[in-house]
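What follows is a single structure, written as structure tokens, with notes after it.
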Amino acid sequence: MLKWFEQVEKEKPNMIFSRIRLVRNWREYPFPSRLTEKQGEEMIKRLEFGLKDIGELDQRHYEFAMLGNLKELDRLALRERRILNSATVSKPGPVGIMISPEEDTSLIFNGDDHIRLQLLAPGLKLEELWKRADQMDDYINERFPNAFDEKYGYLTSFPTNVGTGLRASVIIHLPTLSLGRKFQNLVGEMGRFGAVVKGVYGEGSENYGALFEVCNQKTLGLTEKETLDLVSRVASQLNGQESKVRELSLKNHRLEREDEVYKSYGVLKYARRLSMKDAMSFLSQLMAGISDGLVELAEPCSVYRLMLGIQPANLQKLSDHPLTKEELDMARAGYLRVELPELK
């Protein structure tokens, strides 16, 4: 069964993936930061039992695990694949996780909040994800009534999530637009509309891979529909501007672009050692080249899957012994030589 990030998006290739995240708290218990370990374990068991049939909603099978029973490497790999956040990975108390085999749907129990529901899909799919999330949220609330205030909405551990508790995100690839001198001003303008645009793997010119996350700044004062519309609109505007700049670049500098893409492919396919920075930069060039029709792979391949595969913990999981930094660079190159298809 394919993981969600192994699927190849063809309609809007610059829109890498969409995410819907809802945080909720069960009104029967204090927030996680105030729970004793015994209370946390009790709550997780009750949530697991009460939601054991939630897969009937979407015909998915969910596996449950306590994070404390997973190896640290597995937890770090889940963080790299955006299932867990850093705070949850290192949380000392009990935390539970229910996750689908495709890793597109997950529930975290007793992390920052009692329940964190997350849905992921390749491309721009916020509306579709929200329909599923809304249905699952109703199912959960029927069994575990939410902490809710008529004035402030859903009550959460962090004030930044109070209101709808909804964080809608789109990850977009902006390799050309982000190099422009006016890009930071453009990002600032988006902030005036209530959207945040930030680098996924670092800020500014150090954002290896040129992947940017567009998400809503506020959860209070906006309806769920307004939030979805805002994030979709900003992501689409950025995608449109990236496309225009890319078209102009192709028109005036096609040979240089082709040269960059083929060189990037050659290094990725034949290098014996690759740092994270170099690998992400070359994969970004390749992603843009495939999107613009400058190169074609012999078989469909999600470049984003390769970007996840070369992250340290996910690479380390493929080895039978701990890897040094130099060995990681060698393993990264070896992984790409095997996983990257030939050119047509």
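Phi-derived couplings, Karplus 6.51 cos²θ - 1.76 cosθ + 1.60 at θ = phi - 60°, listed residue by residue for segment 304-321: 5, 4, 5, 4, 6, x, 8, 5, x, 5, 5, 5, 4, 5, 7, 9, 9, 8 Hz, with x used for Gly and Pro. Label reach from residue 324 (point 7 Å along Cα→C-beta): in segment 59-86, no amide nitrogen lies under 13 Å.
Of the trypsin sites (Lys or Arg not before Pro) in segment 155-194, which ones lie in a loop per DSSP and count no more than 13 other C-beta atoms within 10 Å?
Details: sites: 167, 181, 182, 192; in loops: 181, 182.
Sparse-neighbourhood loop trypsin sites (Lys or Arg not before Pro): 181, 182.
Taking amide H positions as modeled 1.01 Å from N, with prolines and chain starts lacking one, the residues under 5 Å from residue 104 and 5 or more places away or on another chain are 4.
Spin-label model, residue 38 to residue 298: label points 7 Å out along the Cα-to-beta-carbon direction sit 6.3 nm apart. Across all Cα atoms of segment 60-179, the radius of gyration (one decimal) and Dmax (whole number) stand at 15.6, 49 Å. Counted by neighbouring Cβ atoms within 10 Å, the residues 154, 262, 208 run from fewest to most as 262, 208, 154.
How far apart, in nanometres, would the label points at residue 127 and residue 74 be if each is projected 7 angstrom from Cα along the Cα-to-Cβ direction? Reported label-point gap for residue 127 and residue 74 is 3.9 nm. Recomputing mean projected area of the Cα convex hull in nm² from the coordinates shown identifies the correct label among [x] 17.8; [y] 16.8; [z] 19.7 as [x]. Between 0 and 90 degrees, rounded to the nearest ten: what's the tilt of helix 183-192 against the longest Cα principal axis of the chain? Approximately 20 degrees, to the nearest 10. Here segment 246-339 is described by how far its Cα atoms reach on the three principal axes: 49, 23, 18 Å, from widest to narrowest. A protection proxy built from the mean count of other Cβ atoms within 10 Å ranks the segments 224-236, 274-286, most packed first, as 274-286, 224-236. Taking 249, 291, 157 in turn, the Gaussian network model of the chain (Cα-Cα springs below 10 Å) assigns the largest fluctuation to 249.
As a rough footprinting exposure proxy, the listed residues 173, 61, 114, 321 were ranked by other beta carbons within 10 Å of their own, and the order from fewest upward is 321, 61, 173, 114. On C-alpha positions alone, give me the angle between the axis of helix 37-50 and the longest principal axis of the chain, in degrees, nearest 10. Tilt relative to the chain: about 80 degrees. Compared with the dominant Cα axis of the chain, that is its longest principal axis, helix 224-270 is turned about 30°. Across segment 326-335, rounded Karplus estimates of 3J(HN,Hα) from the backbone phi angles (6.51 cos²θ - 1.76 cosθ + 1.60, θ = phi - 60°) give 5, 5, 5, 4, 6, 5, 4, 5, x, 4 Hz, Gly and Pro being marked x. Among 185, 314, 25, the largest mean-square fluctuation in a Gaussian network model of the chain (Cα springs under 10 Å) belongs to 185. Listed values for segment 284-300 are Karplus-derived 3J(HN,Hα) couplings in whole Hz (6.51 cos²θ - 1.76 cosθ + 1.60, θ = phi - 60°), namely 4, 4, 5, 4, 5, x, 5, 4, 8, x, 7, 9, 9, 7, 5, 9, x, and x replaces Gly and Pro.
Any chance you could run the full-extension gain for residue 142 through residue 45? It's 0.36 nm times the residue separation minus the Cα-Cα distance, nm to one decimal.
Gain on stretching residue 142 to residue 45: 33.2 nm.
Computed from point charges on the beta carbon alone (+1 for Lys and Arg, -1 for Asp and Glu), the dipole magnitude for the chain about its Cα centre is near 680 Debye. Under 19 Å from a point placed 7 Å out from the Cα of residue 31 along the Cα-to-Cβ direction: which residues of segment 79-122 have their backbone N that close? Taking a point 7 Å out along Cα→Cβ of residue 31, the residues of segment 79-122 whose backbone N falls under 19 Å are 85-96, 108-117. Over all distinct Cα-Cα pairs of segment 153-245, the Kirkwood formula returns a hydrodynamic radius of 13.7 Å.
Averaged over every viewing direction, what's the projected area of the C-alpha convex hull for segment 23-79? Give it in nm², one decimal, please.
Seen from a random direction, the Cα hull of segment 23-79 projects 5.2 nm² on average.
Counting other C-beta atoms within 10 Å, which of 113, 53 has the fewest, and how do the rest follow?
Numbers: 113 24, 53 10.
Fewest-to-most Cβ neighbours within 10 Å comes out as 53, 113.
If the limit is 28 Å between Cα atoms, which of 131/344; 52/151; 91/225; 3/244; 10/277 go over it? Pairs exceeding the cut-off: 131/344; 52/151; 91/225; 3/244.
Just so you know, all these numbers are worked out from the coordinates, no wet-lab data involved. Not measured: the values here are computed from a predicted model. Quick reminder, even Gly has a Cβ in these numbers, built from the backbone with ideal geometry, and neighbours come from all protein chains shown.
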